[in-house]
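Participant: Quick one: this structure, given as structure tokens, is what I'll be asking you about.
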Amino acid sequence: MSSQQAQSTAQKITRVGVIGAGAMGHGIAQVFAQGGFNVKLNDVSLDFINSGIRKIEANLSRSVEKGKMSEDDKKAALSRVLPTASLDEFKDREFVVEAVLEKIEVKRDVFKKLDRICGRDTVLASNTSSIPITELAALVSNPQRVAGMHFFNPVPVMKLIEIVQALQTSISTIEIIRALSLRLGKTPVVVKDNAGFVSNRVVCPMINEAIFAYEQGIASKEDIDTVMKLGMNHPMGPLELADFVGLDIVLDVLDVLYREYEDPKYRASPLLRNMVRAGYLGRKTKKGFYEYP
Ligand code: 3HC
């Protein structure tokens, strides 16, 4: 497929499937629905899916209150999200993105099911932060249609999409995802599949270093965050960001970087590891470096 054909394929895509209705998945479903796509949203139970849809509704309502969206547009976007309890209903999807748990066994299972259910040419994308796309692509019969489509939290706000090219990914798959990203109003950047891609390879060691500095008593957590906010113009300090992303996710990424590159510079701070063991995962558990009553 030429680059032009890939772009024309992407322009015709209307039926999208999103697997996972959690923090990333519901945001991804929201931006596709706002972009005019018809979205089937799947998760392990209808309760999870409906909770994701309620978050989408709350986000859209906030935009209406701020005068950034009309009530009619909000209703139209919401009507384009269809809760779908069974993945079997994904057989009519032209494009699927998964944002399930960051566990390799769970993702493997999803890709094997998609391979069985979806058409041979359905483009399959993963929003993983750390799992090799090359490994996921190897699970399906037509691996050149698999790539990473890495969104950032909060999805409706963050402009970047990192498109991750596995060893098997074809150029036309990359072109299709690039064109879809532009249709969502995002800015795509293509990176080769390597641990942490570019984003997490850079940001997670920065967060880790801030945790080491905190652990060593160099400064208080508030002061470490202030240094990075006021000195580097980051919207959040690294410890706030760790809480926002989830300490378990940061640790997963660091462990993958350490394992894949075999470089001690990626060694996770013992405090980070212990906080994850304690279940202090950040905002989602109401306690991380800070408390969220
Ligand atoms: N969902 C949707 N919209 C949200 C939102 C959410 N969860 N949180 C904030 N917003 C919107 C607000 O409605 C507001 O919209 P407006 O400009 O239209 O009024 C806008 O974002 C700004 O929000 P606030 O004024 O309430 O707050 P801030 O100015 O403090 O911004 C922030 C909040 C956008 C989250 C900002 O602090 C930020 O950019 N933080 C850094 C986020 C970041 O680095 N994300 C990447 C994490 S790494 C990752 O995701 C990769 C993964 O693999 C680990």
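Read the figures in this text as sums done on the coordinates, not as results from a lab. Everything numeric here is computed off the predicted structure, so don't read it as measured data. Positions of Cβ are backbone-derived with ideal geometry, glycine not excepted, and every protein chain shown enters the neighbour counts.
Participant: Given a cut-off of under 8 Å on Cα pairs at least six residues apart, what relative contact order in percent is computed for the chain?
Facilitator: So the answer I get is 14 percent.
Participant: Work out, step by step, the length gained on full extension between M232 and Y261: first 0.36 nm times the residue separation, then minus their alpha carbon distance; give nm to one decimal.
Facilitator: The M232-Y261 span can extend by a further 7.7 nm.
Participant: Just report the Cα centroid separation between segment 220-293 and segment 140-176, whole Å.
Facilitator: If we compute the Cα centre of each part, the gap is 25 Å.
Participant: Now for a different question. Report the rotationally averaged projected area of the chain based on its alpha-carbon convex hull, in square nanometres.
Facilitator: Across all orientations, the chain yields a mean hull projection of 15.7 nm².
Participant: I'd like to know which of V96, V157, I218 lies farthest towards the positive end of the charge dipole of the chain, counting +1 on Cβ of Lys and Arg and -1 on Cβ of Asp and Glu.
Facilitator: So the residue furthest toward the plus end is V96.
Participant: Could you pull the Cα extents of segment 178-246 along its three principal axes, largest to smallest, in whole Å?
Facilitator: Computed over the Cα atoms, the extents are 47, 25, 20 Å.
Participant: Hey, another quick one. Rounded to the nearest 20 Debye, what is the dipole magnitude of segment 160-293 about its Cα centre when Lys and Arg each give +1 and Asp and Glu each give -1 at the C-beta?
Facilitator: Charge dipole of segment 160-293: 320 debye, to the nearest 20.
Participant: Pairs of Cα atoms under 8 Å, at least six residues apart: use those to get the relative contact order of segment 1-107, whole percent.
Facilitator: Relative contact order, segment 1-107: 38 percent.
Participant: With r defined as the distance between the Cβ atoms of E215 and V44 and R0 fixed at 45 Å, what FRET efficiency is calculated, to the nearest 0.05?
Facilitator: The computed FRET efficiency comes out at 0.80.
Participant: Nearest 20 debye, what's the magnitude of the dipole of segment 227-285 about its Cα centre given +1 on Lys and Arg Cβ and -1 on Asp and Glu Cβ?
Facilitator: That gives a dipole near 200 debye.
Participant: Running Debye on segment 157-215 with equal point scatterers at the Cα sites and no solvent, what base-10 log of I(q)/I(0) appears at q = 0.14 Å⁻¹?
Facilitator: After summing over all Cα pairs, the log10 values are -0.50.
Participant: At 7 Å along the Cα-to-beta-carbon direction for both K192 and E105, put a label point, then send me their distance in nm to one decimal.
Facilitator: Here the modelled spin labels are 3.3 nm apart.
Participant: Let me ask you something else. Given segment 1-119 reduced to its alpha-carbon atoms as identical point scatterers, what log10 I(q)/I(0) does the Debye formula return at q = 0.16, 0.21, 0.22 Å⁻¹?
Facilitator: Scattering profile of segment 1-119, log10 relative to I(0): -0.77, -1.14, -1.20.
Participant: Quick check: convex hull over the Cα atoms of segment 145-293, volume per residue in Å³, rounded to an integer?
Facilitator: 124
Participant: Let me understand segment 60-171 better: what is its radius of gyration from the alpha carbons, and its Dmax, in angstrom?
Facilitator: Reported Rg and Dmax, both Å: 16.1, 47.
Participant: Right, here's the next one. Taking +1 at the Cβ of each Lys and Arg and -1 at the Cβ of each Asp and Glu, which of V276, L239, V123 sits farthest along the dipole of the chain towards its positive end, judged by Cα position relative to the Cα centre?
Facilitator: Going by the Cα projections, it comes out as V123.
Participant: If you don't mind, another one. Using a Förster distance of 25 Å, how high is the FRET efficiency between S70 and V157, based on the Cβ-Cβ distance and rounded to 0.05?
Facilitator: 0.80
Participant: Note down the magnitude of the dipole of segment 4-79 about its Cα centre, charges +1 on Lys and Arg C-beta and -1 on Asp and Glu C-beta and zero elsewhere, to the nearest 20 debye.
Facilitator: Its charge dipole is roughly 140 debye.
Participant: Which one, F111, I49, T14, projects farthest toward the positive side of the charge dipole computed for segment 1-139 from Cβ point charges (K/R +1, D/E -1)?
Facilitator: The listed residue farthest towards the positive side: T14.
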